1. Label point 7 Å out from residue 53 along Cα-to-Cβ: which residues of region 17-39 have amide N under 19 Å?
2. What FRET efficiency do you get for residue 186 and residue 153 if R0 is 25 Å and r is their Cβ-Cβ distance, rounded to the nearest 0.05?
3. Over the C-alpha atoms of region 102-158, what are the Rg and the largest Cα-to-Cα span, Dmax, in Å?
4. What do you get for the angle between helix 56-80 and the principal long axis of the chain? Use alpha-carbon atoms, 0 to 90 degrees, nearest ten.
5. Just how many pairs of Lys in region 165-280 have C-alpha atoms closer than 22 Å, counting pairs that are eight or more places apart or on different chains?
6. Over region 165-280, with the other protein chains present, what is the accessible area per residue in square angstrom, probe 1.4 angstrom?
7. Please find, in a Gaussian network model of the chain (springs between Cα atoms separated by less than 10 Å), the residue of 124, 218, 53 whose mean-square fluctuation is greatest.
8. Rounded to whole Å, give me the distance from the Cα center of region 21-56 to that of region 167-233.
Amino acid sequence: MAVTGHEDAAAGFDPLRPKLMRVAYRMLGSVADAEDVLQEAFIRWMGANRAAVREPEAFLRRTVTRLCLDQLKSARRQRETYVGPWLPDPVVEEEEEEDVTLPLMLALERLSPLERAAFLLHDVFGLAFEEVATTIERDPAACRQLAARARTHVREARPRFRVEKERGLELAKAFFDASRSGDMKALGTMLAADVSLHSDGGGKRSAAIRPIIGYDAVMKVHEYLAGLFRKNGSKLVRAGFVNGLPGFVTLEADGELQTTALEIENGRVAAIYVVRNPDKLRHLH
């Protein structure tokens, strides 16, 4: 009977898993935490009176969102003691995801958990405010206010300059070639004057403990890194879109993976996001 119940629950849950994972990951910015939330949601789904659930997707989305809200409370405390810049776990895909790019995910970090939920559910996933209200247990008017406040905070993080897929991948490949070969002239032509570099090592691998801002400072860092790459090498594993931005995955000299994502504006690299924390890269192996 237990096996039959598990199979019955899985038959309803598994087709919805990709959608639920999108909600959980965009709420939390952590693949591992999102997977934990989905596991807990499945356990609750198994224990539910499924015959009485008219809309399994809505039921499970509510369950996942509420579990994420609980998780965000502890995640905020953990990030207060995080070493260096915090970046979301990198998700690498063949096609760009336009709904929530890396800069937008960073902007979401500045929102309250309820603002984040209201914005994602309504503005990104297209739910009516009545459904949002049921999900986060607030009235529709309050949900409209939450989403409006969130929209104000994240407006600047919305992509203003669309980069064609092939052009984005070309820039990512050229950036890899120039940065690893030490061709500073080629690299310099790619960078915007106010370029910034954000690296997340989580205190577990070497990384700058604060963002590097400005053309000269970023070029100086890459001149130093080019010397290390010449001695130890850096192997391109794959190019793709990292959290919706053109980028690539590399295997570094210490045997660990690393991701680099490039925010492109007016054909120049406006921001560089590097994830080195091995805890955030396990799912890429």
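The values are calculated or read from the model by the stated rules, or taken from the named source; none is laboratory data. All values derive from a computational prediction rather than experimental measurement. Here Cβ is always computed from backbone atoms with ideal geometry, including for glycine, and neighbour counts include all displayed protein chains. Surface areas here come from the heavy atoms of the whole protein model, side chains and all, with no ligands, DNA or RNA. Shrake-Rupley method; radii C 1.70, N 1.55, O 1.52, S 1.80 Å.
1. Within reach of a label on residue 53, which here means backbone N under 19 Å from a point 7 Å along Cα→Cβ, region 17-39 contributes 17-25, 34-39.
2. Computed FRET efficiency for residue 186 and residue 153 comes out at 0.10.
3. 10.4, 30
4. Taking the Cα atoms of the chain, the angle to 56-80 is about 50 degrees.
5. Lysine pairs, 8 or more places apart or on different chains, close enough: 14.
6. Each residue of region 165-280 exposes 45 Å² on average to a 1.4 Å probe.
7. Of 124, 218, 53, the most mobile in the Gaussian network model is 53.
8. 38 Å
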